[in-house]
Amino acid sequence: MSGQRENAIDIFKGFLVLGMVYCHSLQFFSDPLVYPNGQYWIEAINLWTFSGLVFSFGYVSQLAYYSKPYKLAAPHMALAALKTLIAFYISGLAYRLFVDGREISLGTVKPILLLQDIPGWSEFLISFSYLTLAGMLLFVPLRWLAERRWTGLAVAALLLATTWLPYGTIHMPQLAPLLGTRDFASFPILQYFPYYLVGMLFAKYRVVWNWKVLIAAGIATALFVWKWLSADALPERFPPSLWWIIGPALLLYGYYLAARWMERYEVWFLPFAAMGRNVLWFLIMSNILIFALSSTHDAIMLGLFANLFMTIALLLVSGFAIWIIAKKRSTAINIQ
């Protein structure tokens, strides 16, 4: 993503990447019956990761895209959406080949290409592609909203009403990343879009510590906790309920403030900033590695700490691959 960079938001994204890969590792290589504490970590990470990434996408989009004229920003946004779509294709195909054990054939590849098949643990990638495309198509009204903070916040609040869409009537797979469905797991961007708008406003108005934000986020998370305790079960995630959407607000604001503090000591957090600058690569590489490992005949069963070490190993391999590719590109440019 071209334009301005902020180490704090890169660190913010980097920790979210670590959490997501750790969550995936736990889901594939841990059994809740054997390691019951692992499920608590999975649920916690699930609560804030996608919302946090949507927030950070809105934040960096405000800096990199909405601060520029549309004719300059649109090609970069279209390219970003295309890259994420290709990442979904690769991850989705890897899931069908390694996890489901399918063969490479037209019957396997074509439904994925046409978005008729949204494979597991890859659905968040197609949602990010939709999110970037929506940001491009709604470029003018979104920039208008960013210029009017209270109107932007009001629209973000109104979008929460989309969590009451009749999900059971939506059966077209291509609409699931946009609107949601009950047919399979998806991350509908319409319901998560308030975080994108809030991210834009945070970047536009340079929000750091703000007691009004703290109170609003605290109320949102308190309502989530109340619903959770009263129902004695976590609010619905697939498709997302209102409670699930607002649940991580206080956690994310606290984490955002922590990332701002970490920025002061950025040398200690360079690995996380590096992951934050290459979110797509780390997520797709880790997915492929996890799918491949899960396909081995000898089942891998790991505890919390062992899965954490596996996560670090997966991220190191992904980072090393990035370094190799960057080095080859640099060599090729020097030769030319």
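The values are calculated or read from the model by the stated rules, or taken from the named source; none is laboratory data. Here the structure is a predicted model, which means the values were calculated and not measured. Heads up, the Cβs are rebuilt from the backbone with ideal geometry, glycines too, and the neighbour counts pull from every protein chain shown.
Which ones in segment 98-110 are in a helix (DSSP H, G or I), surrounded by fewer than 18 Cβ atoms within 10 Å (Cβ to Cβ) and among the hydrophobic types (A, V, I, L, M, F, W, C)?
Within segment 98-110, VAL99, LEU106, VAL109 qualify.
State whether one or more residues within segment 249-266 are hydroxyl-bearing (Ser, Thr, Tyr), at pLDDT 95 or above, outside any loop (DSSP other than H, G, I, E, B) and in contact with a His (Cβ under 9 Å, 6 or more places away or on another chain).
Within segment 249-266, not a single residue is hydroxyl-bearing (Ser, Thr, Tyr), at pLDDT 95 or above, outside any loop (DSSP other than H, G, I, E, B) and in contact with a His (Cβ under 9 Å, 6 or more places away or on another chain).
Under 6 Å between Cβ atoms, which residue pairs at least 6 apart in sequence (or on different chains) link something in segment 251-265 that is over 13 Å from PHE55 (Cβ atoms) with a partner that is part of a helix (DSSP H, G or I)?
Taking only residues 6 or more apart or on different chains, the pairs are ARG260/ALA8; MET262/ILE11; MET262/PHE269; GLU263/ASN7; GLU263/ALA8.
Does segment 283-292 include one or more residues that are assigned to a helix (DSSP H, G or I) and either in contact with a Lys or Arg (Cβ under 6 Å, 6 or more places away or on another chain) or under 17 Å from VAL208 (Cα atoms) (or both)?
no
Hey, can you tell me all the residues within segment 235-254 that are within 23 Å of ASN210 (Cα to Cα) and either surrounded by fewer than 17 Cβ atoms within 10 Å (Cβ to Cβ) or aliphatic (A, V, I, L, M) (or both)?
Within segment 235-254, ILE245, ILE246, ALA249, LEU250, LEU251, LEU252, GLY254 qualify.
Looking at TRP121, TRP164, which is the one that is in contact (Cβ under 8 Å) with a residue 60 or more places away in the chain and on the phi > 0 side of the Ramachandran plot?
After applying the criteria, what remains is TRP121.
Does any residue of segment 225-246 turn out to be in contact with a Phe, Trp or Tyr (Cβ under 6 Å, 6 or more places away or on another chain), among the charged types (D, E, K, R), assigned to a helix (DSSP H, G or I) and modelled with pLDDT of 95 or more?
yes
Conditions: (1) under 21 Å from THR132 (Cα atoms); (2) under 20 Å from the mean Cα position of the chain (by Cα). LYS204 meets all but one. Number of the miss?
Status for LYS204: all satisfied but (2).
Quick one: in segment 168-198, which of the residues that are in contact (Cβ under 8 Å) with a residue 24 or more places away in the chain and part of a loop (DSSP other than H, G, I, E, B) is farthest from the chain's Cα centre (by Cα)?
ARG182
Has segment 281-298 got at least one residue that is more than 16 Å from the chain's Cα centre (by Cα) and under 16 Å from GLY19 (Cβ atoms)?
Yes; the residues of segment 281-298 include at least one that is more than 16 Å from the chain's Cα centre (by Cα) and under 16 Å from GLY19 (Cβ atoms).
Across segment 63-99, what is the number of residues that are in contact with a Gly (Cβ under 8 Å, 6 or more places away or on another chain) and either among the charged types (D, E, K, R) or without any contact (Cβ under 8 Å) to a residue 24 or more places away in the chain (or both)?
1
Identify the single condition in (1) touching a Ser or Thr at 6+ places or on another chain (Cβ under 8 Å); (2) over 20 Å from ILE90 (Cα atoms); (3) surrounded by fewer than 19 Cβ atoms within 10 Å (Cβ to Cβ) that LEU280 does not satisfy, given that it satisfies every other one.
(2)
I'm checking my understanding of the structure. Among residues of segment 124-167 that are among the aliphatic types (A, V, I, L, M) and outside any helix (DSSP H, G or I), which one is farthest from the chain's Cα centre (by Cα)?
So the residue we want is LEU165.
What residue, of ALA299, ALA306, ALA321, is loosely packed, with under 15 Cβ neighbours inside 10 Å, of a type outside the set (S, T, N, Q) and either at pLDDT 95 or above or in a helix (DSSP H, G or I) (or both)?
Sole residue among the options that is loosely packed, with under 15 Cβ neighbours inside 10 Å, of a type outside the set (S, T, N, Q) and either at pLDDT 95 or above or in a helix (DSSP H, G or I) (or both): ALA321.
Please pick out the residue among TYR66, TYR70, TYR130 that is closer than 21 Å to THR181 by Cβ and of a type in the set (Ser, Thr, Tyr).
TYR130
List every residue pair whose Cβ atoms sit under 7 Å apart, with the two residues 6 or more apart in sequence or on different chains, where the first one lies in segment 136-148 and is under 15 Å from VAL60 (Cβ atoms) and the second, anywhere, is of a type in the set (Lys, Arg).
Every condition considered, the pairs that remain are ALA146/LYS204.
May I ask you to list the residues in segment 199-214 that are in a helix (DSSP H, G or I), free of Cβ contacts under 8 Å to residues at least 12 places away in the same chain and closer than 18 Å to GLY152 by Cα?
LYS212
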